[in-house]
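The values are calculated or read from the model by the stated rules, or taken from the named source; none is laboratory data. The structure displayed is predicted, hence computed values, not measured ones. No Cβ is skipped: glycine too gets one built from the backbone with ideal geometry, and neighbour counts run over all protein chains shown.
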Amino acid sequence: MRRKTAATAATLLLLTACGGGGSTGGGDDGGGLGPDASLWQQRTAASDRYTGFCAAPRSGNDPYNDNLPYPDRQGSIDDEKLWLRTYMHQVYLWNDEIPDARASRYTAAAYGSVPAALDAYLYALTTPKVTASGKFKDAYSFTYPTDQWNALSQLGVGIGYGMEVALLASIPPRSAIVVYTDVGTPAFSQGIARGAEVLAVDGVDWVNDNTRAGVDTLYAGLFPATAGEVHRFTLRDRNGGIRDVFLQSLALNSVPVERVQTFDTPAGRVGYLVFKEHYATAEGELAAALTRFRDAGITDLVLDMRYNGGGYLDIASELAFMVAGQTRSNGRVFEQLRFNATNPLARSPDSTVAFHATSQGFDPSLDSGKALPELSLSRVFVLAGRGTCSASEALINGLRGIGVQAVLIGGTTCGKPYGFYAQENCGLSYFAIEFSGANDQGFSDFADGFAPDCRVSDDYAHELGDPNEALLATALNWQQTGTCGTSSATRAAAAVQRPASEVPQLLRSPLHENAWRRSPR
């Protein structure tokens, strides 16, 4: 798959590759700003001249920008495409690889809506080049409705049922399984647990139906657009029983950190937590969890990030500091951001992300500037897989850059050493890859992912945090023996795993698989 898009149902459900084109020409000059303009202003000076001319201007006030009036004016989709083309030539990491495309092809009539046409045009402007393994360098740039992005990134609020589903087979006969549910959500109240298989959605056969109408129904049920929708799921529970459940979508607050617990082993006390997303609300939860571990005197830590697609890089930096401590991280670089040659941010002090020893003010529950707890560990175990992406990989890379051993258990990570600043225009936010990230030693070559030290298939027969769950059992075995080992738990789990060729793909928004940076403005 080239990339996932919020606009196309078939892309997420069938994981088919999208078609692509290119752009109608080059970028623009600095837009007339003088040398006193900030680097941040210079970054988008050319495209700023075309900002806010919208095919469908918004009215009223923006609740995520101090309730100020929306800046939209009447324009056209051609104005929005002109803005996008100019913006891409300014900030896109591979702006020297943008192909030619005919902007006039990307119309609402051809794609069904203005946002869908703009999403397709963004895709057309991305590099067609591939990595050494044949994977597209940019499988990630996408668009997303701005109001939904603000709600998710700032408040951790998204529409759903409180369950995460992974696709094990993408073409009929398809296979999908629930990998976790969140406490207090509709899925949890219906008794849906890890390991439940999805058989049908709203009467459409999940396993075999491959019609356009069927795929649209499956997509609408799995990804409800609004709160209050009710959809019927046919599930096979872990015990083999088949049942129908009705789930009503809600605006749910994400809980990024869960299952904070400790295990006593002959080799010492181990802390364990499930870390699912680097959202703003994770800042306080992580600080509280690691304070608990510090006070408990743990000697090893297991970070379960197998389903963590990323989020704010600065949250990853805070967690890396809490793991490594002041002595190892002081004066070192967590991530050095590398931009295209013409991006003014390449000259900015903001291009270096330090190890944050204090809270950065993401989470209102934690005062900004508060000293973070330190575990001062020389080793951390990371439970990982294809769902471990972007900011989560930056955490692994950043720790390794200062000599902290990051032992990876599970599968190969997604391979995304890239990130961006979200850029909004006319109610649509653009997430075009703007930078790559290197650690303190200058290493950034993981576009094909980090390979695990212990390759273990995901164990859907046990709940996360169960010491008999295969990945956690392997980590505990390594902590005691120094090897991957073949504990009774891993042997039992292997007996119920899918074939090794089936690599699970989490069915989630592309917002969950990225590294974001907050605007320095």
### Summary
Selection from region 235-252 of residues assigned to a strand (DSSP E or B) and more than 26 Å from the chain's Cα centre (by Cα) yields Leu235, Arg236, Ile242, Arg243, Asp244, Val245, Phe246
### Message
Looking at region 430-489 only, could you name the residues that are touching a Gly at 6+ places or on another chain (Cβ under 7 Å), among the polar types (S, T, N, Q) and assigned to a loop (DSSP other than H, G, I, E, B)?
### Response
Asn439, Gln441, Ser444
### Task
Just name the residue that is surrounded by the most Cβ atoms within 10 Å (Cβ to Cβ) out of those in region 320-366 that are assigned to a loop (DSSP other than H, G, I, E, B) and aliphatic (A, V, I, L, M).
Leu366
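Every residue, every condition in (1) at pLDDT 95 or above; (2) closer than 19 Å to Leu395 by Cβ, yes or no:
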residue	(1), (2)
Phe263	yes, no
Val270	yes, yes
Leu273	yes, yes
Ala280	no, yes
Ala296	yes, no
### Task
Please give the number of the condition Arg232 fails out of (1) touching an Asp or Glu at 6+ places or on another chain (Cβ under 7 Å); (2) in a strand (DSSP E or B); (3) crowded, with 16+ Cβ neighbours inside 10 Å.
(3)
### Task
Evaluate region 256-263: report whether one residue or more is among the charged types (D, E, K, R), touching a strand residue (DSSP E or B) at 6+ places or on another chain (Cβ under 7 Å), within 14 Å of Val380 (Cα to Cα) and surrounded by fewer than 23 Cβ atoms within 10 Å (Cβ to Cβ).
no
### So Asp244, is it among the acidic types (Asp, Glu) and either more than 30 Å from Leu476 (Cα to Cα) or outside the structural domain of Pro364 (by TED's automatic domain parsing) (or both)
yes
### Message
I'd like the residue in region 299-319 that is assigned to a helix (DSSP H, G or I) and touching a Leu at 6+ places or on another chain (Cβ under 7 Å) and, out of all such residues, is nearest to Gly361 (Cα to Cα).
### Response
Glu318
### Message
Out of everything in region 198-216 that is small (Gly, Ala, Ser) and crowded, with 17+ Cβ neighbours inside 10 Å, what residue ends up being farthest from Arg243 (Cα to Cα)?
### Response
Gly214
### Query
Residues of region 67-92 being among the charged types (D, E, K, R) and crowded, with 23+ Cβ neighbours inside 10 Å, which ones?
Glu80, Lys81, Arg85
### Query
Do we find that Ala101 is more than 30 Å from Val198 (Cα to Cα) and not assigned by TED's automatic domain parsing to the domain that holds Thr226 in this structure?
yes
### Summary
If we keep only residues of region 373-400 that are surrounded by fewer than 22 Cβ atoms within 10 Å (Cβ to Cβ) and not in a loop (DSSP other than H, G, I, E, B), then the residue farthest from the chain's Cα centre (by Cα) is Arg379
### Query
Of the residues that sit in region 179-190 and are of a type outside the set (Phe, Trp, Tyr) and without any contact (Cβ under 8 Å) to a residue 40 or more places away in the chain, which one is surrounded by the fewest Cβ atoms within 10 Å (Cβ to Cβ)?
Gly184
#### Entry: Residue list for region 235-255, filter: exposed (fewer than 13 other Cβ atoms within 10 Å of the Cβ) and charged (D, E, K, R)
Asp244
### Query
Within region 301-336, how many residues are of a type in the set (Asp, Glu) and without any contact (Cβ under 8 Å) to a residue 60 or more places away in the chain?
1
